[in-house]
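Read the figures in this text as sums done on the coordinates, not as results from a lab. Small disclaimer: the values here were computed from a predicted structure and weren't measured. Ideal geometry is used to build each Cβ from the backbone, glycine not excepted, and the neighbour counts take in all protein chains shown.
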Ligand SMILES: Cc1ncc(C[n+]2csc(CCOP(=O)(O)OP(=O)(O)O)c2C)c(N)n1
Ligand SMILES: [Mg+2]
């Protein structure tokens, strides 16, 4: 069970939403329902069910669109299940990717079972060991708000471990309404829109 010092994940997400600009966001697990209500119809692709896949999905988007920031909102149990993805991201070294880890110590989505190591796992050390350009832990909302603008300007791949409590909703209590393939399609349309509009005016 998370101690009282943990940040509310919804507060963390609101702080990120306030400064994300036109970044693509990849939420997963319990960050997903809250993100959908905080940033509806934005440029996001939810990673559902695929534990540990959010950073790989984010990596693909970051490599495809180096002109955009990509913010991955990951779960601690999920990352543990695909630890090798840290080396994959670090090896590809996307300058535009920030990997936020919501460390609540449990598999909240599947019933809040404890994750291996509980809260004692040091993901910052792991990300640094894998070769992320920057890795840091933040467990205070004021500090997070203070550091976010600089984090978003800085060079990635960056890793931020956030000590959070349990979310109000999970993907089991709020079902994702938009199928994954539809989300990808919608994101693609939004990402290509400026180019399409530019070529349409060039044709005219
Ligand atoms: C390979 C695999 N095993 C188990 C599951 C079932 N499952 C779905 S969500 C989840 C827990 C996710 O925990 P975490 O990444 O810590 O995110 P949180 O729910 O705490 O936000 C589990 C075990 C799954 N989707 N895939
Ligand atoms: Mg968790």
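If each DSSP helix of 4+ residues adds -39,500 (n - 2.57) and the sum is divided by the residues in the chain, what number results at 222 nm, nearest 500 deg cm²/dmol?
Roughly -13500 deg cm²/dmol at 222 nm, from the helical runs in the chain.
Measure out, as a whole number of angstrom, how far apart the alpha-carbon centroids of the range 161-191 and the range 58-95 sit.
16 Å
Going by C-beta contacts inside 10 Å, put 63, 148 in order with the fewest on the left.
63, 148
Over the Cα atoms of the range 1-152, how large are the radius of gyration and the largest Cα-Cα distance (Dmax), in Å?
Expressed in Å, the Cα Rg and Dmax of the range 1-152 come to 14.2, 40.
Can you sort 19, 70, 174, 189 so the residue with the fewest Cβ neighbours within 10 Å comes first?
With the sparsest Cβ surroundings first, the list reads 189, 19, 174, 70.
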